[in-house]
Structure formats: C-alpha cells, structure tokens
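To keep things clear, I will list the structure first and then write my remarks on it.
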Amino acid sequence: VKIRDWTIDGLPNDSFSIDNGIMMSKARRWPLLVDPQGQANKWVRNMEASRQLLVLKPGVDGYLRQLASALPLGRPVLLEGMGESMDASLVPVLLKQTFKQAGSLCVKLGDQVVDWNPEF
C-alpha cells in the first residue's frame, strides 16, 4: 500500500527507486538526495504537500528564520541546492542534537535556541 502511494505521488515504479524509497523511509537520519532529473524532488513535494512542505534554499535571505519557524510546528522541510558545503548552523538540526530546556525539547539553530517538535 505504501509503495502504491509513493508511485501515485511520483516515485518511478522501478526496483531501484522503490529500494531507495524504502531506505529513505526507514533511515534514522534525513537523506541526502542527489537528484539530477528532479524525480525525487517531485516525489517528496507531492508526498509532503498535505503537511505544508516548506521548500528552502540555503543561502537565500531568511532561510534560517523560516527553518526556525518550521521546527516547533513539525512541518516538513526540503532543502534544495545544498552544494558541496553546508552552513554550520544546520549541523545540530541534521544530527538531531536536541536537549531539554525549561521542560521543552529544543535544538540550537545558529545563535538561537528553537523548540523541537518530534514530528519534524
């Protein structure tokens, strides 16, 4: 049923793509998708559209502020165009380095502490 939903959302119906989809859905960390044809991008956008997917491009003005607003709400985020290097501010989020502060689960994002929603 899950694979059928994925193909409806735009995942190609070949064994390689399905295997990658399974690995992505079972991974403990967020996947890095190298996607020259844009198929995975289209699939993720369709799959997460109902959850108000936020598409961000690192380096664009205000992307960290937008990410900080998505974290406490548990909104899914797609980072496009990462390039070969990564903003160090993203590392605690990508590694899920959460901690408790005043009874809330938090993560450091740049120079600010942001509430963390486990649904993120």
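The values are calculated or read from the model by the stated rules, or taken from the named source; none is laboratory data. Everything quoted here is computed from the prediction, not taken from an experiment. Note: ideal-geometry Cβ built from the backbone for every residue, glycine included; neighbour counts use all protein chains shown. SASA here: full protein model, heavy atoms, side chains in, ligands and nucleic acids out. Shrake-Rupley method; radii C 1.70, N 1.55, O 1.52, S 1.80 Å.
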Self-check item: Solvent-accessible surface (1.4 angstrom probe) belonging to Phe99, in square angstrom, nearest 10
Solution: 70 Å²
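Give me the dipole magnitude in Debye, nearest 20, for region 23-120 about the Cα centre, with unit charges on the beta carbon: positive for Lys and Arg, negative for Asp and Glu. Mind dumping the intermediate values first?
Values: 12 positive and 9 negative charges, 74 e Å.
That gives region 23-120 a dipole magnitude of about 360 debye.
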Quiz item: Over its Cα atoms, what ratio of radius of gyration to 2.2 N^0.38 Å does the chain give?
Solution: 1.13
Self-check item: Under 16 Å from Lys100, Cα to Cα: aspartates and glutamates that are on another chain or at least 8 residues apart
Solution: Asp115
Quiz prompt | Inter-probe distance in nm under a simple model that places probes 7 Å from Cα toward Cβ, at Met23 and Arg51 | solution = 2.1 nm
Quiz item: For region 53-117, with every protein chain kept in place, what is the accessible area per residue (1.4 Å probe, Å²)?
Solution: 58 Å²
Quiz item: Size of region 19-78 along its principal axes in angstrom, Cα-based, largest extent first?
Solution: 34, 24, 21
Practice problem: Give the residue from Thr98, Met47, Leu64 lying farthest towards the positive end of the charge dipole for the chain; charges sit on Cβ (+1 for Lys and Arg, -1 for Asp and Glu) and the dipole is referred to the Cα centre. | Solution: Thr98
Exercise. Taking the Cβ of Gly59 as the centre, find all other residues whose Cβ is under 14 Å away and add up their charges (Lys, Arg: +1; Asp, Glu: -1).
Key: -2
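Of all DSSP beta bridges in the chain, what percent run antiparallel (nearest 5)? Don't jump to the answer; show the numbers that get you there.
On the way: 8 of 11 bridges.
So the antiparallel bridges amount to about 75 percent of the total.
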Quiz item: Which percent of the accessible heavy-atom area of the chain goes to carbon and sulfur, probe 1.4 angstrom?
Solution: 52 percent
Quiz item: Rounded to the nearest 500 deg cm²/dmol, what is the calculated helix-only ellipticity per residue at 222 nm for the chain, with -39500 (n - 2.57) per DSSP H run of length n ≥ 4?
Solution: -9500 deg cm²/dmol
